[in-house]
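Below is one structure; the comments refer to it alone.
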Amino acid sequence: MGAGIRILAAFLAALAAAAGVAAQLRQDYYSAVCPDLESIVRDAVSKKVQDQPVAVGATIRLFFHDCFVEGCDASVILVSTGNSTAEKDHPNNLSLAGDGFDTVIKAKAAVDAVPACTNQVSCADILALATRDVIALAGGPSYAVELGRLDGLVSLSTNVDGKLPPPSFDLDQLTTLFAANNLSQADMIALSAAHTVGFAHCSTFADRIQPASVDPTMNATYAADLQAACPAGVDPNIALQLDPVTPQAFDNQYFINLVNGRGLFTSDQVLYSDARSQPTVVEWAQNATDFEQAFVDAMTRLGRVGVKTDPSQGNIRRDCAFLN
């Protein structure tokens with residue numbers, strides 16, 4: 001069986017499994033118990049973003065890292081215990097910014113401060129809503145969020161292995177990983193545009209800017225700028241903006257950057273350098289409206305990944321960082 005057929009088969013199988021999940025989630029899930037949920041979360045998220053604009057990229061990344069490991073169940077927020085290392089302490093998650101976690105914690109506190117809503121809304125749903133809200137606050141599309149997820153009961157560092165795409169992935173590797181999560185190649189390209197906001201440490205792209213062997217798919221001026229910002233022996237805590245043009249705006253500049261050879265990661269630039277995905281990148285670089293619709297559709301499908309709705313699989317955590 002060829003690689004393309006295997007990817008398609010995996011995607012179709014995962015899509016069939018997702019159909020049942022989608023039927024169990026609904027936008028008005030909390031309308032009877034917490035009718036003002038969305039405005040409560042939006043107000044709390046807005047305050048957080050005003051205080052710390054970096055919360056935008058941090059919250060989006062937290063949602064993605066949560067959904068790709070054990071599904072969208074807020075398991076990434078759980079802290080490690082004496083005898084168990086949680087997802088958030090896996091090496092691939094150590095760079096998750098604290099402001100993402102704090103966005104959810106503050107929104108959860110605001111929700112629980114309303115008596116009718118106390119302990120009625122899952123952390124997983126609050127994270128999904130907060131992600132939508134930070135995107136909208138940064139100028140991106142707002143969209144309806146399906147609700148009804150339960151919070152997971154398990155968070156193990158070992159579950160993260162092989163579940164998150166490293167910045168070195170090529171198109172086939174990206175497509176395969178996303179297909180395993182019910183997401184198409186177009187979904188993957190759309191979701192990659194979350195890199196229009198946020199930061200990355202020099203170590204994540206250092207291999208592309210080595211003076212003796214700069215990645216030929218990278219714009220030479222951009223490579224020189226990155227070399228100046230990330231010299232040999234640079235402080236490992238130094239981080240650069242993923243989008244050098246409109247770093248705080250959620251827009252289609254990500255795709256324009258790729259066309260111009262200004263994708264920061266290999267896994268970004270390959271979306272343009274690979275002829276199979278290049279037409280989609282070019283289309284969305286030229287048409288922000290089409291991109292935004294594709295992104296909303298992809299985010300909705302991402303929010304269905306591995307969702308737990310059966311009480312045997314999850315519950316509503318009183319504290320997002322700890323099991324009940």
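The values are calculated or read from the model by the stated rules, or taken from the named source; none is laboratory data. Note that the coordinates shown come from a computational prediction; the quantities given were computed from them, not determined experimentally. Backbone-built Cβ (ideal geometry, glycine too); neighbour counts: all protein chains shown. Surface areas here come from the heavy atoms of the whole protein model, side chains and all, with no ligands, DNA or RNA. Shrake-Rupley method; radii C 1.70, N 1.55, O 1.52, S 1.80 Å.
Data for the structure
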read-out	value
Rotationally averaged projected area of the stretch 74-223 (alpha carbon convex hull; nm²)	11.9
Carbon/sulfur fraction of accessible area - the stretch 23-163, other protein chains in place, 1.4 Å, %	52
Candidate aspartates and glutamates - alpha carbon under 16 Å from Lys48, same-chain residues fewer than 8 apart omitted	Glu38, Asp99, Asp102, Asp133
Degrees between helix 55-67 axis and first principal axis of the chain (Cα, 0 to 90, nearest 10)	80
Distance between modelled label sites at Val154 and Val79, nm, 7 Å Cα→Cβ extension	2.4
20 Å cut-off, amide nitrogen to a point 7 angstrom out along Ala249 Cα→Cβ, residues in the stretch 113-133	133
Accessible solvent surface per residue of the chain, calculated while the other protein chains remain in place, 1.4 angstrom probe, Å²	43
Acute angle (nearest 10 degrees) that the helix 123-137 long axis makes with the longest principal axis of the chain, alpha-carbon atoms	50
Estimated FRET transfer efficiency (Ala186, Gln50; beta-carbon r; R0 51 Å; 0.05)	0.90
Estimated FRET transfer efficiency (Asp43, Ser213; beta-carbon r; R0 56 Å; 0.05)	0.65
Excluding exposed DSSP-loop trypsin sites (Lys or Arg not before Pro) (at most 14 other C-beta within 10 Å), longest clean stretch of the chain	1-275
Fraction in percent of alpha-carbon pairs per bin - 10 Å, the chain	6, 26, 35, 24, 8, 1, 0
Sequence-separation-based contact order of the chain, relative, with Cα cut under 8 Å and 6+ spacing, percent	26
FRET efficiency, Val259 to Ser95 (Cβ-Cβ, R0 25 Å, nearest 0.05)	0.35
